[in-house]
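Below is one structure; the comments refer to it alone.
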Amino acid sequence: MKKSALNFVLGATVVGLAVYRMSQKEAVKIIEDTDMRNSEKIDKQESVDAEKVPEEKGLTQYDSALRAEWVANGFPQTHMEMEGYGEQRN
């Protein structure tokens, strides 16, 4: 009985100290969101490759990134290709 009471007191003390130390620490630091899907800046800046690649002309950096993803995954780029893709599936 004495051991369990002593263990309870020691455990409560450790938990109390841990809670106290946590309350003394600085507030949680907020990290800036750097995901380009949440960035208005990237959706307004012209594509880096706009001068080099004719298909990139008129695209924003965000649109350019999406286009690169579509090309890498083999998605159709034009309405004509999309119609051909639909015919191939049938």
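The values are calculated or read from the model by the stated rules, or taken from the named source; none is laboratory data. Quick caveat: nothing in here was measured; it's all calculated off a predicted structure. Heads up, the Cβs are rebuilt from the backbone with ideal geometry, glycines too, and the neighbour counts pull from every protein chain shown. Side chains included, ligands, DNA and RNA excluded: accessible areas come from the protein's heavy atoms. Shrake-Rupley method; radii C 1.70, N 1.55, O 1.52, S 1.80 Å.
With label points built 7 Å along Cα→Cβ from the Cα atoms of His79 and Ala12, find their separation and express it in nm.
7.6
Ignoring ligands, DNA and RNA, what accessible area per residue does the range 40-89 give at 1.4 Å, in Å²?
85
Which trypsin sites (Lys or Arg not before Pro) in the range 45-84 pass both tests, a DSSP loop state and at most 11 other beta-carbon atoms within 10 Å?
Passing sites in the range 45-84 are Lys52.
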